[in-house]
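Asks: A single structure is presented below for examination.
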Amino acid sequence: MNRIQNVSRRGFLQGALASGVFVLGVRLGARRAWAAETAAPLIDPNLWLSIAADGTVTITAHRSEMGCGSRTALPLVVAEELDADWSRVKLEQAIGDQRYGDQDTDGSHSVAGSFDDMRLVGGMARAMLISAAAAQWQVPASQCSTQPHVVLHAASGRKLGFGELAAAAAKLPVPAREQIKLKPRSSWRYIGSEKNTLYDVPDIVTGKAVFGMDATLPGMVYASIEHPPVLGQAVKSLDNKSALAVHGVRRTVVLDPLTPPHGFQPLGGVAVIADNTWSAFKGRQRLKVEWTASPHSAYNSAQYRKALQSSSRNPGKVARNVGDVDAEFAKGGKLIEAEYYTPHLAHASMEPPVAVADYRNGKVVAWAPTQNPQAAQATIAAALKMNKEDVTCHVTLLGGAFGRKSMPDHVAEAAVLSKQLGKPVKVVWSREDDIRFDYYHSVAALYMKAAVGADGKPTAWLQRSAFPPIASTFDAAARYGDDEMAMGWNDLPYDIAHHRAENSPADHHVRIGWLRSVSNIYHAFAVQSFVDELAAVAGKDPVAYQLELLGADRIVKLDGSDADPLYPIDTGRMRHVMQLVAEKSGWANRAKVKGRGMGFAVHRSFRTYVATVVEVEVDAQGKVHIPNVWSALDAGTIVSPDNVRNQFQGAAVMGTSLALYGDITATDGVIDQSNFHNYPVARMNQAPRNTQVYIVDSSAPPAGVGEPGLPPFAPALCNAVFAATGRRVRELPLAKTKLV
């Protein structure tokens, strides 16, 4: 792509109407299961769906595509209810616009949050087409029906294509939602079909797809930014003479430092402006910058770990309380304690942060691989002190994200520089920038304690979690992670009479953000490792032991914001995935050979139930090999089964990387890691050789699939290591544990 053309909505609409298309746009107030809606009710004639005179259906994709399949899944749901021929459907990527409601493609909520309303969009359009045909034939609409891309009147055998009806349908009023009769599940053609593939795959494999790095504009310059090495630092002095001597470098620009709380603000620093990325990178290497002091300069990971573990050992803020744990512990008996630790993690997506922005005439137009174009709008507007309505953010394909590209600091950098320079600017982060200046997944220390009875089952269970919270991104004084408590911590499903979950305070010294499955990573690691330890002490099979702890099939009762009537915690669904993965993995007949073992873990996150078995081989040098992984999941209604399997296979690979190698540390506030040589990802010979995924057929509401495969992987892997070697793993990454 040599040029990005900014086609206005008005221009698109004028062209559409001139060609006699039917356009449907209805503000539906989409229900998002676990986040607030962001848009006001509105009717927009070019919002969701258009049908051209030639029958081409164009559906707006309001979510971003980073490999998770959202950009395909939601239009598929529209096409299902429209009864469109998918081969005649085109997708139009939405810009950031509050009229679409929530556009943030994270939290595994895209399909779950928009499924019902996308069905209504398609159903409304189908009803209008049927009404248009019925009027032309002068028959009751109730006598008409649809087949892919046509309306037919069975009694007379007449039929009309969608394109033939488009102009007439466009003149009809949009029917009320209560008038829409949606398809029965038995009539679905696309939802749940094994034939569904991602819409963008042909363009991706042929090199036609446009990612953030592909975006260019005429007259554009390139920027590489030397960020402060420690959070909160600013430029004290600058010597740029050597940088300016590099061929292609035009100038340098000192950026304003951030002010707490950092939020999504640019980090500040010095931008090197050049004719190409190579010159910008080389010039930046020659900068001589002296930085101001920062309170975070005293941050050292080893000392911080001790403080965090100390915090987790002391009483914290109660997140959930059942019975009386303290009284039960006071009775004496057998008490078992364990502590777990997980480090900061970086996202390290294949495409580092990149963005293009053009400021002119008081307005900004940006192009970015962003998970949240509305956040990009708001961040740019705040940085430039302008109205967000004057910011347009186009969304390219994302070369991976895992949550990093929900934070649009890099997009704002491009806009700030464009305003200063008076020309389009492309900001490109290097891999080193990506790893050293990330919004890191939080470090965590977790303390577990249980009193067990004669049957080996816990009579009391206490758990404490200490971590710098994501809230610190928006409130510099935040020390508790109230939101994170709902992520696999206060929803323990076991039938234990006395249980308490606590959150201990922690200070932040780096930027903390969302990473795939968020706090479920360390919460699942602690809970599922600890229960495996309890099973071993009891001398019981780990799967059988957990099935006992679940008790009778029931709905686990939670209070407050965690209680979700649409997605209750159902131990029967959890039991089913546990039994399914045990069966498929051959758990009961697993070999008991030294150096080889299988581990089990189960976890519910993003409303989805997942049970995973990992098989490991530990060689004479202590290296871990993973021949097999099995996962069973119940995510309710599934749109694209093949994509679900892709997500879980990818989670196994990512889980391997994080569990074996993921470790971000700091010395005097500066991040120690910088690239894949010291922040490795699993190579082909280290990744699981075979991953099998089993999907439970369910009619429950759709739940998440992009993230739930990750949390149970690390504990299943570490439990497998124990089965193979007899060594317990209580700290990640696994590379820090001596296995032989």
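Where a number appears in this text, it was derived from the coordinates with a stated rule and is not lab data. These numbers come from a predicted model, not from an experiment. No Cβ is skipped: glycine too gets one built from the backbone with ideal geometry, and neighbour counts run over all protein chains shown.
Asks: Which entries of Lys282/Lys426; Lys317/Lys457; Lys540/Lys592; Lys363/Lys385 show an alpha-carbon separation above 18 angstrom in the structure shown? Let's see the in-between values first.
Replies: On the way: Lys282/Lys426 16 Å; Lys317/Lys457 26 Å; Lys540/Lys592 15 Å; Lys363/Lys385 11 Å.
Those over the limit are Lys317/Lys457.
Asks: Now for a separate question. Please list, in order, the residues from region 195-218 whose amide nitrogen is less than 17 Å from a point placed 7 Å along the Cα→Cβ vector of Ser87.
Replies: So the set is 195-199, 202.
Asks: Here are some pairs, Lys236/Lys388; Lys90/Lys195; Lys171/Lys388; which of them have Cα atoms lying more than 24 Å apart in this structure?
Replies: On the way: Lys236/Lys388 32 Å; Lys90/Lys195 17 Å; Lys171/Lys388 33 Å.
Beyond 24 Å between Cα atoms: Lys236/Lys388; Lys171/Lys388.
Asks: Same structure again: Give me the net charge of Pro353's neighbourhood, meaning all other residues with Cβ under 10 Å from the Cβ of Pro353; Lys, Arg count +1, Asp, Glu -1. Before the final figure, lay out the partial values.
Replies: Details: positive: Arg404, Lys405; negative: Glu351, Asp409, Glu413, Asp433, Asp434, Asp438.
Result for the neighbourhood of Pro353: -4.
Asks: Here's a follow-up. Among Val201, Val272, which comes first, then next, by fewest other beta-carbon atoms within 10 Å? Working shown, then result.
Replies: Values: Val201 11, Val272 27.
Fewest-to-most Cβ neighbours within 10 Å comes out as Val201, Val272.
Asks: How large is ³J(HN,Hα) for each residue in region 403-410, as worked out from phi by the Karplus curve 6.51 cos²θ - 1.76 cosθ + 1.60 (θ = phi - 60°), to whole Hz, x for Gly and Pro?
Replies: In residue order, the calculated couplings are x, 4, 8, 7, 9, x, 4, 5 Hz.
Asks: Take Ser657, Ser145, Ser517 and order them by how many other Cβ atoms sit within 10 Å, fewest up front.
Replies: Going from sparsest to densest Cβ surroundings: Ser145, Ser657, Ser517.
Asks: Let me ask another. R0 = 51 Å: FRET efficiency of Asp239 with Phe474, Cβ-based, nearest 0.05?
Replies: Numbers: r = 35 Å, r/R0 = 0.69.
That pair, Asp239 with Phe474, gives E of 0.90.
Asks: I've got another one for you. Hey, with R₀ at 45 Å, roughly what FRET efficiency would Val537 and Arg189 work out to, going by the Cβ-Cβ distance, to 0.05? Write out the running numbers ahead of the final one.
Replies: Values: r = 53 Å, r/R0 = 1.17.
After rounding to 0.05, the efficiency reads 0.30.
Asks: What full-extension length gain, to one decimal in nm, is calculated for Lys334 and Val318 as 0.36 nm per residue of separation minus the Cα-Cα distance? Present the calculation step by step, with values, prior to reporting the outcome.
Replies: On the way: separation 16, 0.36 × 16 = 5.76 nm, distance 2.40 nm.
In short, 3.4 nm is gained.
Asks: By DSSP, what percent of the beta bridges with both residues in the chain are antiparallel, rounded to the nearest 5? Don't jump to the answer; show the numbers that get you there.
Replies: Details: 86 of 114 bridges.
Around 75 percent of the beta bridges assigned by DSSP in the chain are antiparallel ones.
Asks: Same structure again: Given R₀ = 35 Å, what would the calculated FRET efficiency be for Val205 paired with Lys738, taking r from the Cβ atoms and rounding to 0.05?
Replies: Numbers: r = 43 Å, r/R0 = 1.23.
In this case the efficiency is close to 0.20.
Asks: Still on this structure: Enumerate the aspartates and glutamates that Lys208 could reach by cross-link, defined here as Cα to Cα under 19 Å, with residues fewer than 8 away along the same chain left out.
Replies: Glu65, Glu92, Asp200, Glu351
Asks: Between beta-carbons, use under 15 Å as the cut-off and find the net charge around Ser87, counting Lys and Arg +1, Asp and Glu -1. Show your work: numbers first, answer last.
Replies: Working: positive: Arg88, Lys90, Arg189, Lys195; negative: Asp54, Glu80, Asp83, Asp85.
Summing Lys and Arg as +1 and Asp and Glu as -1 gives 0.
Asks: Additional query: State the Cα centre-to-centre distance between region 393-416 and region 681-736 in whole Å.
Replies: Here the answer is 29 Å between Cα centres.
Asks: Same structure, new question: Calculate log10 I(q)/I(0) of region 512-637 for q = 0.19 Å⁻¹, where I(q) comes from the Debye formula with a single equal point scatterer on each Cα and nothing for solvent.
Replies: So the normalised log intensities work out to -1.21.
Asks: Which ordering of His625, His498 is given by a fewest-first count of other beta-carbon atoms within 10 Å? Before the final figure, lay out each step's value.
Replies: Details: His625 15, His498 20.
Ascending Cβ contact count within 10 Å gives the list His625, His498.
Asks: Which lysines does Lys738 reach when only Cα atoms under 17 Å apart count, and residues fewer than 8 places away in its own chain are ignored?
Replies: Hits, sequence-local ones excluded: Lys594, Lys623.
Asks: How long are the semi-axes of the ellipsoid equivalent to region 294-390, from square roots of 5 times the Cα gyration tensor eigenvalues, in whole Å, largest first?
Replies: Details: eigenvalues 463, 72, 43 Å².
Semi-axes, largest first: 48, 19, 15 Å.
Asks: Students often check this: by mean Cβ neighbours within 10 Å, which of 290-298, 545-553, 468-476, 67-75 ranks highest, and how do the rest follow? All intermediate terms of the calculation are to be shown ahead of the outcome.
Replies: On the way: 290-298: 15.0, 545-553: 16.7, 468-476: 19.1, 67-75: 26.2.
Order by mean packing, descending: 67-75, 468-476, 545-553, 290-298.
Asks: Net charge around Leu308, counting only other residues with Cβ within less than 13 Å of its Cβ (Lys, Arg = +1; Asp, Glu = -1)?
Replies: Numbers: positive: Arg305, Lys306, Arg313, Arg464, Arg479; negative: Glu339, Asp507, Glu731.
Combined, the nearby Lys, Arg, Asp and Glu give +2.
Asks: Dipole size in debye (nearest 20) for region 544-630 around its Cα centre, Lys and Arg Cβ +1, Asp and Glu Cβ -1?
Replies: Its charge dipole is roughly 280 debye.
Asks: Go through region 537-545 residue by residue and turn each phi into a ³J(HN,Hα) via Karplus (6.51, -1.76, 1.60, θ = phi - 60°); whole Hz please, and just put x for glycine and proline.
Replies: So the J values, rounded to whole Hz, are 4, 7, x, 10, 4, x, 5, 4, 5.
Asks: What length, rounded to one decimal in nm, is gained on full extension from Ala552 through to Lys584, with 0.36 nm per residue of separation minus their alpha-carbon distance? Let's see the in-between values first.
Replies: Details: separation 32, 0.36 × 32 = 11.52 nm, distance 2.33 nm.
So the chain would gain 9.2 nm between Ala552 and Lys584.
Asks: Rounded to the nearest Å, what's the spacing between the alpha carbon centres of region 269-302 and region 314-380? Just the number, please.
Replies: So the separation of the two Cα centres works out to 26 Å.
Asks: Karplus couplings for region 578-595 from phi (6.51 cos²θ - 1.76 cosθ + 1.60, θ = phi - 60°), rounded to Hz, Gly and Pro as x?
Replies: With coefficients 6.51, -1.76 and 1.60, one gets 5, 5, 5, 5, 5, 5, 5, 7, x, 4, 5, 10, 5, 6, 10, 10, 4, x Hz.
Asks: Just grab the label-to-label distance for Gln285 and Thr197, each label 7 Å out from Cα along the Cβ direction, in nm (one decimal).
Replies: Going from the Gln285 label point to the Thr197 one covers 4.2 nm.
Asks: If you put +1 on each Lys and Arg Cβ and -1 on each Asp and Glu Cβ, how big is the dipole of the chain around its Cα centre, in Debye rounded to 20? The partial results should precede the final answer.
Replies: Numbers: 77 positive and 71 negative charges, 194 e Å.
The calculated dipole for the chain is roughly 940 debye.
Asks: Something else about it: Under 15 Å from the Cα of Lys181, which aspartates and glutamates turn up, not counting those fewer than eight places away in the same chain?
Replies: Lys181 reaches Glu80, Glu81, Asp83, Asp116, Asp117.
Asks: What value, in deg cm²/dmol to 500, does the helix sum -39500 (n - 2.57) over DSSP H runs of n ≥ 4 give at 222 nm once divided by the residues of the chain?
Replies: Numbers: 17 runs with 204 residues, N = 740.
Calculated at 222 nm, the ellipticity per residue is -8500 deg cm²/dmol.
Asks: By DSSP, what percent of the beta bridges with both residues in region 349-455 are antiparallel, rounded to the nearest 5? Working shown, then result.
Replies: Numbers: 9 of 14 bridges.
Counting DSSP beta bridges with both partners in region 349-455, the antiparallel share is about 65 percent.
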